[in-house]
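The values are calculated or read from the model by the stated rules, or taken from the named source; none is laboratory data. Just so you know, these numbers come straight off a predicted model, no measurement behind them. No Cβ is skipped: glycine too gets one built from the backbone with ideal geometry, and neighbour counts run over all protein chains shown. Ligands, DNA and RNA are stripped out before the accessible areas are found, and what is left, the full protein with its side chains, is counted by its heavy atoms. Shrake-Rupley method; radii C 1.70, N 1.55, O 1.52, S 1.80 Å.
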Amino acid sequence: MAAADRDAPLELSGEDLDGKPVDLADLRGKPVVINVWWSECPPCRVEQPDLNEAAAELGDKVSFLGLNIRDSSAEKGLAFTRNFDVAYPSIYSPDGSALLSFAGTLNPRSIPSTVVLDSQGRVAASVQGRIPTTQTLLSLVDVVLGE
Amino acid sequence: MTDVQWETLSNQGVAAAGVVYFLALLAYAVQWAALRDVPVRQAVAAGGGAPVVDVEVADEGTGDRAAMSGRLGLLLTGIGALAHAIALLGRGIAADPNRVPWGNMYEFTLSGTFVVVALFLATTSRWRLSWLGPIVVGFVLCVLLADVLWLYEPVAPLTEALESYWLVIHVVAAVIATGAFTLGGITSMLYLLKARSTKETGYLARLPELPALDRIAYRMHAFGFPVWTFGVLISGPIWAHQAWSSYWNWDPKEVWAFITWVVYAAYLHARATAGWRGRNAALLALVGVATLWFNFIGINFFSTTSQHSYAKGAAQERSVVLRVATAPVDVAQEVRVVVRADHARA
Amino acid sequence: MTQLDRRPSDDRQATALPPDLNARELARWSWRQLTSMRTALVLLLLLALAAIPGSVIPQEDVDSLAVSQWRDNHPRLAPIWDRLDLFSVYGSVWFSAIYILLMISLVGCIIPRLFVYARALRARPPRAPRNLSRLPEHTAYETDEDPEVVLARAAQALRRRRYRVALDEGADSVDAERGHLREAGNLVFHLAVIVVLVGVAVGSLFGYKGGVIMYNGADYGFSNNLTQYDDFAPGSLFDPAVMEPFSFSITDFDVDWITDGPRAGMARKFVAHLDYTTEPGAETRQYDLKVNHPLAIGGTEVFLIGHGYAPVITIRDGDGNIAQSGPTVFLPTNARTFESFGVVKAPDAQPTQIGLEGTFYPTFTMGKDADGKLTMPASAWGDALDPLVSLNVYTGDVGLDNGTSASVYVLDKSKAEQVTKPNGQPFRMDLRPGESVELPDGMGSVTFEGLERWNKIQISRTPGKLVALTGVVAALLGLLGSLFVRPRRLWVRARRRDDGTTLVEVARLDRSSGGDPETGRSELAAIVAALRQDREATP
């Protein structure tokens, strides 16, 4: 999505799986990759290593943020992040209310979904369903980084 | 009176209605037996086809006896209907909380047969339907018997989904239309029998002329059809929408109600435009009444998934359970939805 | 005579194929066939016939579980049925073909009739046929009045009877007609059928219907977003962007258990207390959601469909970490006792994944056979008076790691292994709330913490439903008009005869089906009486 067509910056805040506050506004200035997941979703489990790889590759240039929905408890989400060595935090939103902030933009509509925000926090790209490869995500992010 | 007493009263009412209907049937039998060998005097009235079943026979004694027993039959039918009404009332009051007496098949049949009798009583003098008496009473008696023998259920509260005033409206309309269609079906059947019969005496010969039978059948159907339309295509969907979230679910009961509607629409259409009177129309009417009664009774045995399966106790909730069980979280399906939606937008 | 009997509609009868014809004539002929009454009739009956299979064969849209069972039981027939679309009759090409043809036939029939009707409304009542005495309903009387006087009085009497009347200067008859509303009703009915279909089509193309199972409690909630649904059935032109951004949670759920009588044990009076907001940031409102009383938010409606239990089960893995906690939906297998089946998965347990599968009994009891011996465990009651979960344990791969979708209500045991006791018997645990069991081989432990409840909520958006409702009500009104308005024509002719007297003839033509000769006769008699009475009144 071209920079000019993008909607207003996204407002999103909540608590992560450990109960610490997270606010998207604190991550402005860098592109942000948001991944929507839950622990019992098979495609999420398959794509998590790819996401980890992308996060490691991009390092400080990009922030990553998970968005856990549907898990019946934060502990269950934590078991997942522990098991898959997820290095970035995830907002815990079991009722999916966090997703309502995306309404009207490239709205995540399936689990998993991945959304790339530009450095101003505007939705620049989204992948519905599992990301095909690490490279797909990296090239999406590269476009945003190159602006 | 306590609920238990009301329930007993209802059962006694059904029994009394059955006995009185049986006596009415006997009275009618006497009437028609008396007239059996008397040849029918041909109608001379202008225009032809006026019902001439009024007892005018040569032999005074036979005539009086027939007229007496005919009146007695009608009177007994009326008394039976009264007992029938009390049975229905008792059924409704016996339930806690009080409710309309059509929460299960037993009660629906009880109401349906009552409407058949009531419609007959309401129209008999106006349309001169006294000849229909024995058939109506015989039919109702058989159905009531079957109802008590096979469909009886003790009084019980309604399942949650049935607790709606739309139930009252929807079922009242369905029952009234069922009664009218049944009477229409009986008349059409008599039409076909009479059309084949060449006898000069007996029951068939004493029926009104064919055009008159055809017209009476048409009127029954013309009355029943709008009521059915209202019950099945207006109040039914409104209620379905409130209870199950979509107004039309292609539930087997709905499908057959729709089929019945289409058949009767074809009947009226055929009469109005294609000039199908008489035999063809009567055949179509019989198909209609067959789909109606199949829907009422038959489909319950063919389909277990019907949301109308109040035939068995807690089936209403069973179907809810089934629906829940069919809804596993299917991530793939959601992805498919999204892909399609994206295409539509692109 | 025959001319009079014909109605506009009768003009459109199927005709034989003309012997030699070009493409244009063929098209004309096909159109006439399609829009003929007989074809419409055949299509109607065909529609009824075509609807039958869908009521006997399970339908994908109605009950997909029944369909898959049917497929399993009839492996030979299923592919054939599939090819014939018999699992989705009402969306199939052949079913659609019938009703689309019917619609075309209907439109083709109704449009010319609209013009005919418009003309008929303005036209004068048809002139009296030459020989009135040949009409089936007629009568006559003699008088010594002038014909003009009789005719003027007849015109007045007929107007009073709400006839449209034409009396030409110098003519020997009054021509009258009434009952145009019948054809109007007819037309309204047919047009309304089209409106209904449009409404239904809009609903099924742009609407959606979805279900979700929600835990009770303010901690759990639902936001109207595709990811939140358990099942979702969109129309083919549905756009997710129209989904209204409301959210709600079920703060509390009431249910009444009937304790005596024939339906003892049945649950009634379900009330789910909702807190909802119409959009993020809007104020929170309350609603008591009941069966038959949906909550409408904008164009979307929320329905209470079912309820059940969600045992809260915690699994600690071999490392002592919590691998699973929180409630899990157990689906009732018995609607009366709420004996329920469920699956708990801990795919992230270490060192090995853990899966639990088993039964929940709200009021645990041991069933007894006829001899009074204890047999199978069972639930005595739907209310949770003595809850117990009985679980089997599986380990290995619980089937969530191959990337393909899996049902949360099913444990894929193809790569999982059942945990057994040293004697080879399955390791089974029966837990009451608060109880905990250590799993063998240092796998961890399982605790039954307590009980939550869930509700099955249905959410649907059906645009066009008011259009459909309006259509069907209009159809009913039209139907009443077309069935009960009796169009008829009436003529009064007065002619001076050679002997100086005047012969007045009155004839009537009933143009509806099912007209009663009795009413015809009585109307004629009433008119004649009016004509003569008026005379006595004016000496």
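Look at the dipole of region B:3-302 built from charges on Cβ: of B:Ala17, B:Ile216, B:Leu82, the Cα furthest out on the positive end belongs to B:Ile216. Counting only residues at least eight positions apart within a chain, or on another chain, the lysines with an alpha carbon under 26 Å from that of C:Lys290 are B:Lys253, B:Lys312, C:Lys209, C:Lys269, C:Lys456, C:Lys465.
With viscosity set to 1.002 mPa s at 20 °C, what whole-number translational diffusion coefficient in µm²/s follows for the protein assembly as shown from Stokes-Einstein and a Kirkwood radius over Cα pairs? Don't skip to the answer; put the middle values down first.
Numbers: Rh = 33.9 Å.
Stokes-Einstein gives a translational diffusion coefficient of 63 µm²/s.
Looking at region C:407-502, which GluC sites (Glu not before Pro) are DSSP coil and have at most 14 other C-beta atoms within 10 Å of their C-beta? Sparse-neighbourhood loop GluC sites (Glu not before Pro): C:Glu435. Of the beta bridges in region A:1-117, as assigned by DSSP with both residues counted there, near 50 percent are antiparallel.
Per residue, the solvent-accessible area of region C:46-127 (1.4 Å probe, heavy atoms of protein chains only, all protein chains present) comes to 55 Å². By the Cβ distance rule (another cysteine Cβ under 4.7 Å), the unpaired cysteines of the protein assembly as shown are B:Cys142, C:Cys109.
What does a probe at A:Asp18 reach in region A:61-76, counting residues whose amide N is under 17 Å from the point 7 Å along Cα→Cβ? The answer is A:64-68, A:74-76, whose backbone nitrogens lie closer than 17 Å to the label point. In whole percent, how big is the carbon plus sulfur part of the accessible area of chain C, probe 1.4 Å, protein atoms only? The C+S portion of the solvent-accessible surface of chain C is 55 percent.
Here, chain C yields an orientationally averaged convex hull projection of 43.7 nm² when only Cα atoms define the hull. Spin-label model, B:Leu204 to B:Leu145: label points 7 Å out along the Cα-to-beta-carbon direction sit 2.4 nm apart. Whole-percent P(r), region B:217-299, all Cα pairs, 5 Å bins from 0: 3, 15, 24, 22, 17, 10, 6, 3, 1. Across chain C, the relative contact order, built from alpha-carbon pairs under 8 Å that are at least six residues apart, equals 18 percent. Residues of region C:484-510 with an amide N closer than 20 Å to a point placed 7 Å from the Cα of C:Thr143 along the Cα-to-Cβ direction: C:490-509. Percent of C-alpha pairs per 10 Å bin in region A:3-145, short distances first: 12, 48, 36, 4, 0. Any chance you could give the angle, 0 to 90 degrees and rounded to 10, that helix C:181-206 forms with the longest Cα principal axis of chain C? With both axes taken from Cα atoms, the answer is about 20 degrees.
At 222 nm, what helix-only mean residue ellipticity would chain C give, in deg cm²/dmol to the nearest 500, using -39500 (n - 2.57) for each DSSP H run of four or more?
Numbers: 11 runs with 163 residues, N = 539.
Rounded to the nearest 500, the figure is -10000 deg cm²/dmol.
Note on C:Lys421: lysines with a C-alpha under 25 Å away, same-chain residues under 8 apart excluded, are C:Lys345, C:Lys413.
Note on C:Asp254 and A:Gln135: with the Förster distance fixed at 45 Å, the Cβ-Cβ geometry gives a FRET efficiency of about 0.25.
When nucleic acids and ligands are ignored and a 1.4 Å probe is applied, A:Asp18 ends up with an accessible area of around 100 Å². Across the options C:Gly367, C:Leu479, C:Ser445, the greatest Cα extent toward the positive end of the charge dipole of chain C (unit charges at beta carbon of Lys, Arg, Asp, Glu) belongs to C:Leu479.
Amide H to amide H distances under 5 Å link C:Arg453 with C:Asn216, C:Ala310, where only residues 5 or more positions off or on other chains count and H is placed in the peptide plane. P(r) for region B:3-302, from all Cα pairs and a bin width of 20 Å, is 32, 55, 13, 0 %, short bins first.
Return the Rg/Rh ratio of region C:387-452 with Cα-based radii and a Kirkwood Rh.
Details: Rg = 13.5 Å, Rh = 13.5 Å.
With Rh from the inverse mean 1/r over Cα pairs, Rg/Rh is 1.00.
Working from label points 7 Å from Cα in the Cα-to-Cβ sense, the C:Asn402 to A:Asp85 distance is 2.7 nm.
Between amide H atoms placed 1.01 Å from N, distances below 5 Å from C:Thr352 occur with C:Gly318, all of them 5 or more places distant or on a separate chain. Within the same chain, aspartates and glutamates fewer than 8 places from B:Lys194 are excluded, and of the rest, those with a Cα less than 15 Å from its Cα are B:Glu209, B:Asp214. Taking amide H as placed 1.01 Å from N in the peptide plane, the amide H of C:Asn334 sits under 5 Å from that of C:Glu339, each at least 5 places away or on another chain.
With a cap of 11 neighbouring Cβ atoms within 10 Å, and only residues DSSP puts in a loop, list the trypsin sites (Lys or Arg not before Pro) found in region C:371-468. Loop-located and lightly packed - C:Lys373. Residue-wise HN-Hα couplings along region C:147-157, as the Karplus relation 6.51 cos²θ - 1.76 cosθ + 1.60 with θ = phi - 60° gives them from phi, are x, 4, 5, 4, 5, 4, 5, 4, 4, 5, 4 Hz; Gly and Pro carry x.
Take the accessible area of chain C alone and of chain B alone, subtract that of the pair, and you get about 7100 Å² summed over both chains, using a 1.4 Å probe.
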